[in-house]
Amino acid sequence: MVLLRTAVTLVLLVLTAASASASTYYMSPQGRDGASGRTPEEAWATFRHAFERLGPGDTLLLMNGVYRQSLAPRRSGEPGRPITIRALNDGMALIDGEFRRNPVWITQDYITIEGIVARNGQRGVFSIVRGRHNVLRRCSGYNAHPDLNAHVFEVSYPEAQHNLLEDCVASGTGRKMFVFFRSSHNTMRRCFAKWQRWDGRRNCGQPWPNGANLQFYGANHSTMENCIGVGRIPAWWSVSMFAQRNTESCSGNRILGTIALNAGTDEDGTARQWGERPEPCEGNVVHSGHRAPGFYLGTSADRPARDNVFRDCFASGNIGAGLMVNGPVESAVIERVTLRDNAGRNLHIGRAADVEVLNSRVEGTEHTGEGARLTHRYVDGELTEKPLWPWPMEERIQQEMGFSVTEWMMEVLDLDEN
C-alpha cells in the first residue's frame, strides 16, 4: 500500500511539473523578436524566432493581422502535450504566402493549429508532409498555386498518420481542395470544399480541366465525416476514393454523412462550359462533362480497392453520376445513401466492382430504402446524438465567402433548421 501511494504521488508530481512547464506566448505582425513574448504588448514578430523557443505543451497565440511568412514548426510536441498555434480571435489571424511561400508547412508531430486563415501558397496552403498526430481545427485555406499540382489542404506520404482536419474550409484555386495522398489512419471531419479553378500551365501532363474537392488518393484506413463538396468540379469527381499505379491501393476507408452537390456546374446550376486550355499547354483536353460525378470509388492500381464504405451520403445536382464505382473493387459497401436529381445515372456500378447496396434511396432504381441520415454528427466513425446543424463554421464562411452553408443545405436536404 505504501509503495502504491508513493507511485501515485510520483505520477502526480510528474504531471504537475509537466503542466507547470507549459507556457503561453504571443505573436503579432507589429511585434519584435527582442521582446519577451509573454504578453500582447511584448509579442514576438516571426515564426522562426517563436519555433526556436516553443516546446511541448506551449501555446503561441496569434494576434489579429496579416503574417507574410511561413508557419513551419521546427520541433515536435509530445503525446498529450502538443505545440499549439492558435488565433487569439477566431479567423482574425491570416497567413499570406503571396504565392512565394507555403503558408503552413508541417513536417513535425503533435502540432495543433486552430482558428487561422491562410492563403496564396507557393504550392499548397496547409500541408502536412510525413507528420503524425497533428490537428488542424477551424482553419480556412484559399488559393493553392493555380498552375502546379498543388492542393489547399494536403496530408501526404506513408509516414503521415493519425492526423485530424476538423471544421476546416477550402476554396479558390488549386488542383484539389482536400487530399490525403498515400497516407493512412487520418480523419477529415466537417470540412467544407468549394473548388473554383485550376489552370495547370506548369503541369501540362495532366488532362484539363481537372480538379477535386475531397479525395482519398492512394490513402488507406482513413475516415471522412460530415464533409461537403460543392460546385464546378470539372472532368473528374467531387468526393472520391481513388488509386492508380503510383500508389499501392485505396482500401479500408469510410466516407460517412458526406454531401456532394453540383459537380460540373456554374453558380446558377447550369453545366459549366470550359473553353480552350490555358497556354502554353496544348491538347490532352477532357471535354466530356458527364465525367463529373458527386462520389467516386475506383482504382487502376496493381491491387483492387478493398473494404471501402459510403454510408449516409447524399448526392444531387451533379452533371455526372451521383455515385460511380469502377473496378477492380472488392467488398465495397454503399449503405443508407440518397442519390437524386443527377444528370448522369444516379448510381453507376462497373462490371469489375463487387458492391453491396443496403437501405439506400436511389431515384429511378429499385433501391427505395430509408437513405441518408444527415441531421447528426459522425465522430470517430459513429453516428452521435449531437446535431450537425447549424454548420460549425457557419459564421466564418459567411464572413469569408459571403453565403450561408446552413441555409443552402437546409433547402437542398429538405430539412428544418429548427
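The values are calculated or read from the model by the stated rules, or taken from the named source; none is laboratory data. Since we're looking at a predicted model, the values are computed, not measured. All Cβ positions, glycine included, derive from the backbone under ideal geometry; neighbour counts span all protein chains shown.
If you scan region 125-140, which residues turn out to be over 14 Å from Q69 (Cα atoms) and within 15 Å of the chain's Cα centre (by Cα)?
Correct list: S127, I128, V129, N134, V135, L136, R137, R138, C139, S140.
Checking A72 against (1) in contact with a Ser or Thr (Cβ under 8 Å, 6 or more places away or on another chain); (2) over 21 Å from N120 (Cα atoms); (3) not acidic (D, E), which test does it fail?
(2) is the only condition that A72 fails.
With (1) within 23 Å of R197 (Cβ to Cβ); (2) touching a Leu at 6+ places or on another chain (Cβ under 9 Å) as the list, and N120 as the residue in question, which single condition is left unmet?
Failed condition: (2).
From the list R345, R373, which one is at pLDDT 95 or above and not hydroxyl-bearing (S, T, Y)?
R373
Test of understanding: among T368, T375, T384, T406, which residue is in contact with a Pro (Cβ under 8 Å, 6 or more places away or on another chain) and without any contact (Cβ under 8 Å) to a residue 24 or more places away in the chain?
Answer to the selection: T406.
Looking at G57, G97, G37 in this structure, which one is in contact with a Leu (Cβ under 9 Å, 6 or more places away or on another chain) and either loosely packed, with under 15 Cβ neighbours inside 10 Å or not hydrophobic (A, V, I, L, M, F, W, C) (or both)?
So the residue among G57, G97, G37 that is in contact with a Leu (Cβ under 9 Å, 6 or more places away or on another chain) and either loosely packed, with under 15 Cβ neighbours inside 10 Å or not hydrophobic (A, V, I, L, M, F, W, C) (or both) is G37.
Among the strands (runs of 3 or more DSSP E) contained in region 23-110, which hold 1 or more residues that are in contact with an Asp or Glu (Cβ under 6 Å, 6 or more places away or on another chain), on the phi > 0 side of the Ramachandran plot and at pLDDT 95 or above?
Qualifying strands (runs of 3 or more DSSP E): none found.
Return the pairs, sorted by first residue and then second, in which the second residue is part of a loop (DSSP other than H, G, I, E, B) and at pLDDT below 95, the first residue lies in region 87-113 and is over 15 Å from R48 (Cβ atoms), the beta carbons are less than 7 Å apart, and the residues are 6+ apart or on different chains.
Here the result reads none, with nothing in region 87-113 linked to a residue that is part of a loop (DSSP other than H, G, I, E, B) and at pLDDT below 95.
Count, please, the residues in region 317-326 that happen to be of a type in the set (A, V, I, L, M, F, W, C) and not in a loop (DSSP other than H, G, I, E, B). Walk me through how you get there before you give the answer.
The first filter runs over region 317-326 and keeps only residues of a type in the set (A, V, I, L, M, F, W, C), leaving 319, 321, 323-325.
Filter again for not in a loop (DSSP other than H, G, I, E, B), leaving 323-325.
Count: 3.
Given the conditions (1) surrounded by 23 or more Cβ atoms within 10 Å (Cβ to Cβ); (2) of a type in the set (S, T, N, Q); (3) modelled with pLDDT under 95, and given that N308 satisfies all but one, which numbered condition is not satisfied?
(3) is the only condition that N308 fails.
Counting only residues that are surrounded by 15 or more Cβ atoms within 10 Å (Cβ to Cβ) and touching a helix residue (DSSP H, G or I) at 6+ places or on another chain (Cβ under 6 Å), which one in region 70-90 is nearest to A43 (Cα to Cα)?
L71
Regarding K176, is this residue basic (K, R), out of contact with any helix residue (DSSP H, G or I) (no Cβ under 7 Å at 6 or more places or on another chain), closer than 22 Å to S404 by Cα and crowded, with 21+ Cβ neighbours inside 10 Å?
Judged against the criteria, K176 is not a match.
Only one residue in E382, E363 is out of contact with any Lys or Arg (no Cβ under 7 Å at 6 or more places or on another chain) and either under 19 Å from A321 (Cβ atoms) or surrounded by fewer than 18 Cβ atoms within 10 Å (Cβ to Cβ) (or both), so which one is that?
Criteria check complete, one pass: E382.
Quick one: is R311 without any contact (Cβ under 8 Å) to a residue 60 or more places away in the chain and closer than 21 Å to V355 by Cα?
Criteria met by R311.
Restricting attention to region 366-376, and to residues there that are more than 26 Å from the chain's Cα centre (by Cα) and surrounded by 14 or more Cβ atoms within 10 Å (Cβ to Cβ), which single residue is farthest from A301 (Cα to Cα)?
Applying the filter and picking the extreme gives G369.
Yes or no, residue by residue, for (1) more than 21 Å from Q206 (Cβ to Cβ); (2) modelled with pLDDT of 90 or more:
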position	(1), (2)
F242	no, yes
T247	no, no
S251	yes, yes
L256	yes, yes
A260	yes, yes
D268	yes, no
E276	no, no
A292	no, no
T299	no, no
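Listed residues I128, I116; which is β-branched (V, I, T) and under 20 Å from R182 (Cβ atoms)?
I128
Would you pick out the residues in region 262-316 that are of a type in the set (G, A, S), within 22 Å of the chain's Cα centre (by Cα) and assigned to a loop (DSSP other than H, G, I, E, B)? Before the answer, list the steps.
Here is the first cut: in region 262-316, the ones of a type in the set (G, A, S) are 263-264, 269, 271, 275, 283, 288-289, 292, 294, 298, 300-301, 305, 315-316.
Keeping just the survivors that are within 22 Å of the chain's Cα centre (by Cα) gives 263-264, 292, 294, 298, 305, 315-316.
A263, G264, A292, G294, listed by residue number.
Of all residues being more than 16 Å from H221 (Cβ to Cβ) and within 23 Å of the chain's Cα centre (by Cα) in region 320-335, which is modelled with the lowest pLDDT? Just the residue, please.
Residue satisfying both the conditions and the ranking: G320.
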